[in-house]
Structure formats: C-alpha cells, structure tokens
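J.: Structure provided below as structure tokens; questions to follow.
The values are calculated or read from the model by the stated rules, or taken from the named source; none is laboratory data. Since this is a predicted model, take the numbers as computed values, not measurements. Neighbour counts are summed over all protein chains in view; Cβ atoms, including those assigned to glycine, are modelled from backbone coordinates with ideal geometry.
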2 protein chains.
Amino acid sequence: MTRRQELSWRSLAQRRRYSDGLDAVEARLAEVAGAYAGPLGAAARSTLAAGGKRVRPLLALLCASRHAPIPAAVVRAAAATELLHMATLVHDDVLDSAELRRGRATVAHEYGVETAVSTGDFLLARAFAELALTGDATAVALLSQTAVGLSEGEVFQRQEAFDVTLTVAAYRRRCERKTADLFAAAARLGALLSGVDARQQQVLWEYGRLLGLAFQVFDDILDLSGDESRTGKRLGADIRDGTVTLPLIYALEARPDLGPRLRDGAALDETAVAAVIADVRATGAIERARDVAIRSIEEARRLLQTASDDVERDLLEEVARAVVDRFG
Amino acid sequence: MTRRQELSWRSLAQRRRYSDGLDAVEARLAEVAGAYAGPLGAAARSTLAAGGKRVRPLLALLCASRHAPIPAAVVRAAAATELLHMATLVHDDVLDSAELRRGRATVAHEYGVETAVSTGDFLLARAFAELALTGDATAVALLSQTAVGLSEGEVFQRQEAFDVTLTVAAYRRRCERKTADLFAAAARLGALLSGVDARQQQVLWEYGRLLGLAFQVFDDILDLSGDESRTGKRLGADIRDGTVTLPLIYALEARPDLGPRLRDGAALDETAVAAVIADVRATGAIERARDVAIRSIEEARRLLQTASDDVERDLLEEVARAVVDRFG
C-alpha cells in the first residue's frame, strides 16, 4: 500500500466518521420536528426536508477533537446550529414575503405568516433546548450571543437597504452578524464540547469566522453572476431588495452613476436589473470581491497551520478549498 | 412591640428585599435594551418601558430560598422570564396586527412588522443569553422547553380559533403552554438557582402552574366582564378573535345556540358583540369559570402548606390571594 493510498484510506475512514455524524445530526433534527403534531410540526418538517447543505453542522463535527469518537454533545450542538439557522430562514422569508426557497414553497407562503412566525420561534427555542441537553452553559452562552447577533444583522440589513453610501466596514459587520458569527460558533462548539483546549478553540473560532465571511461574499457574488438553474434563484435579488453587497460597493466606487439606479432597485424591471448587473460586472467589481473572499479563505488556511494535532487540519483545509472550488 | 407589629415589620423587611430585587431585575432589563443602538434597541426599550406587572420576575424572586440574600443568578433568571414573555408579546402583536398594547403603540405598529419580528427574536435570544450567564444548563433546559411550549400554545390558539366545540381539556392545554408553564418555570428557576432542594422546587413549580392557570382564567373572564377604562382593552376581543375561552365554553354548554354567533365572531359589530357578552353573562358561565380559577388558587395555597421553611410561604400565599383580590 503506497503512502498515497494510505492517506486516502485514512481520509475515507475519517469521512465515514463525518457522514455518520451528519446522519446522527439529521436523526436529531427529524426527531425534533417529528415530536410535534399539527401545523408547527408540519412546517418544521417541511423546513428540515428542504435540506440545505448542513454546512454549519458539518463544521461543528469537523472541529471536534480527532482523538476520540465524536461526542453526543457535539452532535447536539451541530443540530442546534442548524435549528438556529433554519429559524432565521423561516423568519427571513416572512420579512421578505418570499414565496420560494431552494425551489420549494416557504413556510410563510405555504402555512401563512402567523404559522411562520411561530415556527421560527419554535425552531429558535428548540435550538436552545437541544444545546441545553449538553449540560454546558458556556455553549448556550455562545449560541445565544450569536442568535442576538443574527437578529441585529437582520435589522442592519433592513436599515441599510438601498443605502448606496454603505461602507465596506458596515458590509463586513452585517456579514459577521448574519453569517460568519454562526459559522464561528459552530466551529467553536465542536471544539469546546469535545475537550479541545481553549487556545485551539480560539483558532477554530477564527477559522469559522473567516470561512463564513468568504461564504457570504461568494453568495453575494452568485446573486450577480450565478447560474440561475443551479442556484434556483433569480439573479439580482439583492438589487431588487436593496441589499448593498461587496461587489455592489466596489461597482459604486468605479461607477458612482450606478447610485441612483441601485437606490431605485425595487422599481426596476427585469431588463433594467439585467442592465445594472452587466454594468456591475464590467467594472471588475466581481473579481475584486472574489479576491476578498479568497484572501479570507487563505487566512483561514494559514491559521489552520498553527493548530495542534488535536484538530482535523487536513479535512478543514479541504473544506476551505471546497468553498473556493464551489463558488470561487 | 406586639406580635402583630413584629409580623408586619418582618413582612415589610421582606418586601424591601423583593422591591430591591425587582429594581435589580429592572436594571438588568434596561441594560439589555440599552446595549443596542438603532431600531432594535429602540423597539426593545419601548417594549420594556411599556411596563407590565413583572409578575413572572416577582414570582422567581419570591421562590428563592428565604435563608440567604437573593443570588444574582435568580435576578438574571427573573429578567430572562420577562424577556421571554416580552418576546411573545411582540410576536403576538405581529400575528394579531394589534395596534395598541397597554394603551401604547405596539412595536409592530410603531416600527413595522419586520422590526417587530426581529425584536421578538432578539428578546428571545437575549433571554437565553441572560440565563446562560448563570452557568446553569438545567435552568436553560427548563426555560427553552417553556419557550417551545409558548410557540406551540400560539399555534394551538390559531388552530382552535372559532372552534366552538373546543373542550375544557384543550382550553387547559393551551393555557398551560401559553401562560401557566412560564409561571411554573419562573417559580422553579427562583428555587433552583438559590439552592432550594428538588422536592421544594417541585412544589413551587406546581404552585406556579396553578397560579398561572388561575391568572389566565381570570384574564379570560376580564375580557367579558372587565372595566374597559381599567384594563385598557375593549371587551370582547376574544369573541372577535375567535379565542374560545373557559367562560365561552361554559356558556356554549348552556346555550348551544351561541355557537353560530361565536363562529361568526370576526364579522360581528359592536352591538352584536355586546349582545353575545350579555348572553354569556346570563348563563352564569362567568361565575363557573371564576370558581375554576379560585379552586386553582386554593390548590396552590394548600400546596404551599406542604413546603419547607426554606420557602417564602406567607408572601407566596399573599400573592395567590392578591390574584383573587385583584381579578376574582
């Protein structure tokens, strides 16, 4: 057996560990949603069935100590991060009056706004119930701070809507609250609840934050350059919603005349939105934003090199690369 | 000094302990809301300033062990129960499209539905952040289960709207989820976080539940017989919203012909609502419901007699009596 084969066998065994871990998370999520009858259970099951990439749970699992089986507490924390993420999606869809998410009817559209508000509250409360089962109050403190930030991020996004003077710093702050802090919390929870030491927890926390930032920037780029048939979303949603993203900030720097059109985004028809997208692309703003995301990923990878042997460095590096491969 | 005076001096000193405790809770709540700029902080401060009776925090404080100063953890838990309660009020007002609560504009009305959804999420997350600071995961588990129940109760209420076949058991289940379980949790948290033993925690939990049930039944009675100038609410809101309460269930038993009118509650004008209220009153349903509430209070008081010396029996009995004096 060559060293190369050995490595790939080992990598496979490790992957098995994580696919089993994700199955365990999925079972917890199904149990949570299955325990409730009526519209609340149905709405929760429909949200869970809509799937999604389970990036946050995977991150939590991957940040558990390599030197022992993944503890049940980490599986619970992984499920909790997904429940919290889903709660925000359900409430976001209420706020945006969205009809579709990932090609399926949103809870707000299928069950009504009232049930959607309650379902979001239910998922949020269940996230903390799940995490409390670990018996670790530090973990609860971490996730609750993150949840506070998520609601702040939501408000920032609304407050900053159609503000074409938005700074990169303000954009970054919003990305942290809305995305990166939950990635960071997922990573740290995996480490914390598997006995990884405080120094390494800090490294993984920062790794998660950098990964989450890149993830959000790539997501914002996709809204201007993605393949609609693959993403399942119409391009230009951010333009219509007035969400001023990093590529739009860079485009505005190069072409201040885009300002009035973006301020007017809600009123633009399909052709006008397509014209704005073409103009944004022509400024090179997409490439500039992409560079920011890639630098964030590179910083995350550099950080990993400082991590101890307790940390699943190779796979976490693969995850970082995969984010670039997939989106970049 | 007579024995009577001695008792009242002691009682006063104790009251000082609780008024100081409530001040400490209020300071925590103000700090939570004050820490956030923008519409989220403003909406949270406006919700806190609207006041309310702080019944849940007081219950938590009163259930702390008598044999020591009230621990900071109990103050935090007391604040957490109020934050959770407020989160549900803010979201309820979104669901009901309510414009006024306690004579003030609701968050949904003043800041818009979007900010109200985020503010509710924020208050919910802050409740857990506050409780996590106690370092007690059992406390978090207890409150998160209660929060799950609150969202269930909200859904029950909507599902059961205008259902004139609602049973007393279903009504009771809804009251527990929406009100009594949070009273019970507040009581138990006060005991748990001040080192009261498990047996007494159980007694206080049940005491809180019985008190909460009575509180809800009295509140439902007020909607049919209250003084509008004192409650600040128009009578008959439950009839218009289709919330089938205990007095309405009893009235339906005596007068099945009320069924079609209650099923049609949303369409009734002021005169028709007043006529339904008069008919309900004439059946004696209010007195029957009142008896249920009073029996619940009596059971709570009997339970207290089984409590140990660690428990603030006298004041808790006063609280139970005050609920009857005020509403009954």
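J.: Conditions: (1) under 22 Å from B:Ala64 (Cβ atoms); (2) in contact with a Lys or Arg (Cβ under 6 Å, 6 or more places away or on another chain); (3) part of a helix (DSSP H, G or I). B:Ala307 meets all but one. Number of the miss?
T.: Every listed condition holds for B:Ala307 apart from (3).
J.: Here's something else I'd like to know. Which of (1) more than 10 Å from every other protein chain (Cβ to nearest Cβ); (2) farther than 16 Å from B:Asp238 by Cα; (3) buried (at least 22 other Cβ atoms within 10 Å of the Cβ); (4) among the basic types (Lys, Arg) does B:Arg173 not meet, given it meets every other one?
T.: Just one mismatch for B:Arg173, condition (3).
J.: Let me ask something additional. Looking only at the stretch A:90-116, which residues are crowded, with 16+ Cβ neighbours inside 10 Å and polar (S, T, N, Q)?
T.: Hits for the stretch A:90-116 are A:Thr106, A:Thr115.
J.: Check off (1) more than 8 Å from chain A (Cβ to nearest Cβ); (2) under 20 Å from B:Arg56 (Cα atoms); (3) acidic (Asp, Glu) for B:Glu152 and give me the number that stays unchecked.
T.: (1)
J.: Looking at B:Ala73, B:Ala64, which is the one that is more than 14 Å from chain A (Cβ to nearest Cβ), touching a residue at least 60 places away in the same chain (Cβ under 8 Å) and either surrounded by 22 or more Cβ atoms within 10 Å (Cβ to Cβ) or out of contact with any Cys (no Cβ under 6 Å at 6 or more places or on another chain) (or both)?
T.: So the residue among B:Ala73, B:Ala64 that is more than 14 Å from chain A (Cβ to nearest Cβ), touching a residue at least 60 places away in the same chain (Cβ under 8 Å) and either surrounded by 22 or more Cβ atoms within 10 Å (Cβ to Cβ) or out of contact with any Cys (no Cβ under 6 Å at 6 or more places or on another chain) (or both) is B:Ala64.
J.: Name the single residue that is nearest to B:Ala87 (Cα to Cα) among those in the stretch B:149-171 being assigned to a helix (DSSP H, G or I) and β-branched (Val, Ile, Thr).
T.: For the stretch B:149-171, the residue satisfying everything is B:Val155.
J.: For residues that are more than 30 Å from B:Glu317 (Cβ to Cβ) and of a type in the set (Ser, Thr, Tyr), scanning just the stretch B:264-303, find the one that is modelled with the lowest pLDDT.
T.: B:Thr271
J.: Turning to a different aspect of this structure: Which condition breaks for B:Leu204 when tested against (1) within 14 Å of chain A (Cβ to nearest Cβ); (2) more than 15 Å from the chain's Cα centre (by Cα)?
T.: It fails just one condition, (1).
J.: Right, here's the next one. Kindly indicate whether A:Ala185 is more than 8 Å from chain B (Cβ to nearest Cβ) and under 24 Å from A:Asp264 (Cα atoms).
T.: no
J.: Give the residue, chosen from A:Phe128, A:Phe162, A:Phe122, that is touching a Leu at 6+ places or on another chain (Cβ under 8 Å), surrounded by fewer than 24 Cβ atoms within 10 Å (Cβ to Cβ) and either more than 9 Å from every other protein chain (Cβ to nearest Cβ) or under 20 Å from A:Leu40 (Cβ atoms) (or both).
T.: Every option except A:Phe162 fails the conditions.
J.: Any idea which of B:Gly195, B:Gly226, B:Gly190 is among the small types (Gly, Ala, Ser), over 23 Å from B:Pro260 (Cβ atoms) and surrounded by fewer than 17 Cβ atoms within 10 Å (Cβ to Cβ)?
T.: B:Gly195
J.: Give the stretch A:268-311 a look and list any residue that's among the small types (Gly, Ala, Ser) and touching a helix residue (DSSP H, G or I) at 6+ places or on another chain (Cβ under 9 Å), or say none.
T.: The answer is A:Ala272, A:Ala275, A:Ala282, A:Gly284, A:Ala285, A:Ala289, A:Ala293, A:Ser296, A:Ala300, A:Ala307, A:Ser308.
J.: Write out, first by first residue and then by second, each pair whose Cβ atoms fall under 7 Å of each other, whose residues are 6+ apart or on separate chains, and whose first residue, in the stretch A:87-109, is more than 9 Å from every other protein chain (Cβ to nearest Cβ) and within 12 Å of A:Glu154 (Cα to Cα) while the second is surrounded by 22 or more Cβ atoms within 10 Å (Cβ to Cβ) and of a type in the set (Ser, Thr, Tyr).
T.: Correct list of pairs: A:Asp93/A:Thr106.
J.: Determine, yes or no, whether B:Arg288 is without any contact (Cβ under 8 Å) to a residue 24 or more places away in the chain, part of a helix (DSSP H, G or I) and not hydrophobic (A, V, I, L, M, F, W, C).
T.: Considered against the rule, which asks whether it is without any contact (Cβ under 8 Å) to a residue 24 or more places away in the chain, part of a helix (DSSP H, G or I) and not hydrophobic (A, V, I, L, M, F, W, C), B:Arg288 comes out as no.
J.: Filter the stretch A:265-277 down to the residues that are surrounded by fewer than 17 Cβ atoms within 10 Å (Cβ to Cβ) and either within 23 Å of A:Gln216 (Cβ to Cβ) or in contact (Cβ under 8 Å) with a residue 60 or more places away in the chain (or both) and list them by number.
T.: Of everything in the stretch A:265-277, just one residue is surrounded by fewer than 17 Cβ atoms within 10 Å (Cβ to Cβ) and either within 23 Å of A:Gln216 (Cβ to Cβ) or in contact (Cβ under 8 Å) with a residue 60 or more places away in the chain (or both), namely A:Ala266.
J.: Moving on to the next point. Restricting the search to the stretch A:287-315, which residues are within 13 Å of A:Leu224 (Cα to Cα) and within 20 Å of the chain's Cα centre (by Cα)?
T.: Selection gives A:Ala289, A:Arg290.
J.: Which of the residues that make up the stretch A:235-256 are under 17 Å from A:Thr167 (Cα atoms) and in a loop (DSSP other than H, G, I, E, B)?
T.: If the condition is that a residue be under 17 Å from A:Thr167 (Cα atoms) and in a loop (DSSP other than H, G, I, E, B), then A:Gly242, A:Thr243, A:Val244, A:Thr245, A:Arg255, A:Pro256 are the ones that fit.
J.: Right, here's the next one. Identify, please: which residue in the stretch B:135-147 is facing chain A (nearest Cβ under 7 Å) and buried (at least 24 other Cβ atoms within 10 Å of the Cβ) and is, among those, farthest from B:Pro256 (Cα to Cα)?
T.: Of everything passing the filter in the stretch B:135-147, B:Val140 is farthest from B:Pro256 (Cα to Cα).
J.: Counting residues that are at pLDDT below 85, which helices (runs of 4 or more DSSP H) fully inside the stretch B:1-120 reach at least 3?
T.: B:3-34, B:38-49, B:72-96, B:107-111
J.: Another question, if that's okay. Kindly list, by first and then second residue, each pair from a residue in the stretch A:125-146 that is closer than 18 Å to B:Thr146 by Cα to a residue that is outside any helix (DSSP H, G or I) and not hydrophobic (A, V, I, L, M, F, W, C), limited to pairs with Cβ atoms under 8 Å and residues at least 6 apart or on different chains.
T.: Taking only residues 6 or more apart or on different chains, the pairs are A:Ala137/B:Thr134; A:Ala137/B:Gly135; A:Ala137/B:Asp136.
J.: Restricting attention to the stretch B:207-219, report how many residues are among the small types (Gly, Ala, Ser) and more than 9 Å from the chain's Cα centre (by Cα).
T.: Number of matching residues: 2.
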